[in-house]
Every structure is written in C-alpha cells, then in structure tokens.
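Before any comments, here is the structure.
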Amino acid sequence: EAGVTQSPRYAVLQEGQAVSFWCDPISGHDTLYWYQQPRDQGPQLLVYFRDEAVIDNSQLPSDRFSAVRPKGTNSTLKIQSAKQGDTATYLCASSLGGANYAEQFFGPGTRLTVL
Amino acid sequence: GDSVTQKQGQVTLSEDDFLFINCTYSTTTYPTLFWYVQYPGQGPQLLLKVTTANNKGISRGFEATYDKGTTSFHLQKASVQESDSAVYFCALVDASSGSWQLIFGSGTQLTVMP
C-alpha cells in the first residue's frame, strides 16, 4: 500500500514569493492534516480536513496561508508572499477517522527555505 | 490549555546501553499519549501509544509508560542499536481545547555510537 506522498520535496524562495505544496494521502483515509515543523522542533498542526471540509484551521496564518481539499482526496497548501519565518518542513498526514485513537501516517515532508 | 514538555534535546549512547527519555504533560482530562520516531528525510512514525486504560505500550523493543502522580511519561529500551538513532517525539492528545489533535514535544535526538 502506498504511503502519503508529497511534492515537491524541497523549495527555495525569496521573500514575497508564493509556493504550493501538494499531498496525496493514503487511499481511503478521510482525514488529512497539514503540519509545520521548524528546524529542531516538533510538528505543529496548521489545518485539518475531514473529507473536503475544514475541521480546524485556527492555527493557519489566514492572511498568507490557504489550504484546500476539493474532492476529499488530494490537498494543496499554499503560501502567498512567503516570509523568512516560514522556513520549515511542511508535513502532510492522513488517518482513517480523526479521533484521538486514529493513527496518523505522515508523508516525507517538503523542506521550505525562504531567503 | 493542554501542553507537553520534552527537555532532553540530545542523548548520546553506545550500542547496548539503556535508553530512557522523559516527557511531562499537562491536561485536565485523562491523557492519551504517544511516542513518534522520525528518521532523517522522513515524516514521524507512530512508535507507541499509552492511555490510562493500558498504562503501558510495547513495540519493537521499546516500552512506554506513564506516571499520573508526576504527570510524566517515559520511553525506554533495554539495549539500543545504532539503527535506533533518530529523533523521538512525545505527543499528547489535546482534549481541553476540544480539538482532539496532537500536541508534539520538541523532540529528543538520539545518537547511538557503534
């Protein structure tokens, strides 16, 4: 069974540029998560979906970040006008069900550097 | 709100040494606690889950326990191998905010010398 896939694996931007990250979750998983992991820190939840609906985006910087999952499968996270503070690895995870007992399966992440 | 603290940033051991990593947590409900492991270039993988129901989890030679009295939970392994070198994260399910999602600690980088 294929795991969670993400692309691109790496991105380097100048401040002010835009970037999109793409995630393909495990087939059949209804819940999809986007995390931000700064260097030497743990993952921090940005947003998560159940099917196509946003369940919680309270930690998503809404002025520059957006995330969609239009058909309840793949998802895109976009940063408009990136800042140096956005430098981090962006992880996508999926699970079957979103309760606390649901194991989350993570992709390899996209490492973003904003110069 | 709920929180988790992982103070051991780096641990260096030799093969066959005993591993002990500790996290402390704060929650107003019964905790559900996890240990995740992250190898270079990969996302975190679930290693163990501990709840008040089972008190202990065991997987791949690792054992996780929690202590309600000190609000801490531990990851241990009797004899580490070089292949165990990775970053280990503790995580707590955030119940108090109603999100029921994971709060990760800052991670412990384990280096096992041959």
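The values are calculated or read from the model by the stated rules, or taken from the named source; none is laboratory data. Treat the numbers as computed from the prediction; the structure is a model and nothing was measured. Using ideal geometry, Cβ is built from the backbone for each residue, glycine included, and neighbour counts are taken over all protein chains shown. Note: accessible area is taken over every heavy atom of the protein model, side chains too, but ligands, DNA and RNA are not part of it. Shrake-Rupley method; radii C 1.70, N 1.55, O 1.52, S 1.80 Å.
Side notes on the structure shown:
- Site pair B:T71 and B:F18 shows an inter-label distance of 2.8 nm when each label is modelled 7 Å from Cα along Cα→Cβ.
- Residue-by-residue Karplus 3J(HN,Hα) for segment A:21-33, coefficients 6.51, -1.76, 1.60, Hz, glycine and proline x: 10, 10, 9, 10, x, 5, 4, x, 6, 8, 10, 10, 10
- Projected label distance in nm at A:T87 and A:R9, using a 7 Å step from Cα toward the beta-carbon: 2.1 nm
- Additional length obtainable on full extension of the chain from A:A53 to A:V68, 0.36 nm per residue less Cα span: 4.5 nm
- Carbon/sulfur fraction of accessible area - the protein assembly as shown, other protein chains in place, 1.4 Å, %: 49 percent
- The slack between B:T29 and B:E82, meaning 0.36 nm per residue of separation minus the straight C-alpha distance, is 15.3 nm.
- Size descriptor for the protein assembly as shown, Kirkwood hydrodynamic radius: 18.2 Å (Cα pairs only, one decimal).
- Along the axis of the charge dipole computed for chain A (Cβ charges of +1 for Lys and Arg, -1 for Asp and Glu, origin at the Cα centre), the listed residues A:F105, A:G3, A:Q84 are led at the positive end by A:Q84.
- Interface size, chains A and B: roughly 1400 Å² of accessible area buried, both sides included, 1.4 Å probe, rounded to the nearest 100.
- Average accessible surface for chain B: 45 Å² per residue, computed with a 1.4 Å probe over protein heavy atoms with every protein chain in place.
- Above-threshold pairs, the threshold being 25 Å between Cα atoms, out of A:K83/B:K49; A:K71/B:K49; B:K7/B:K49; A:K78/B:K7; B:K49/B:K77: A:K83/B:K49; A:K71/B:K49; A:K78/B:K7
- Amide H within-cut-off set for B:T32, under 5 Å, with H built and near neighbours excluded: B:V93
- For segment B:1-74, applying the loop criterion from DSSP together with a ceiling of 10 other beta carbons within 10 Å to the chymotrypsin sites (Phe, Trp or Tyr not before Pro) yields B:F18.
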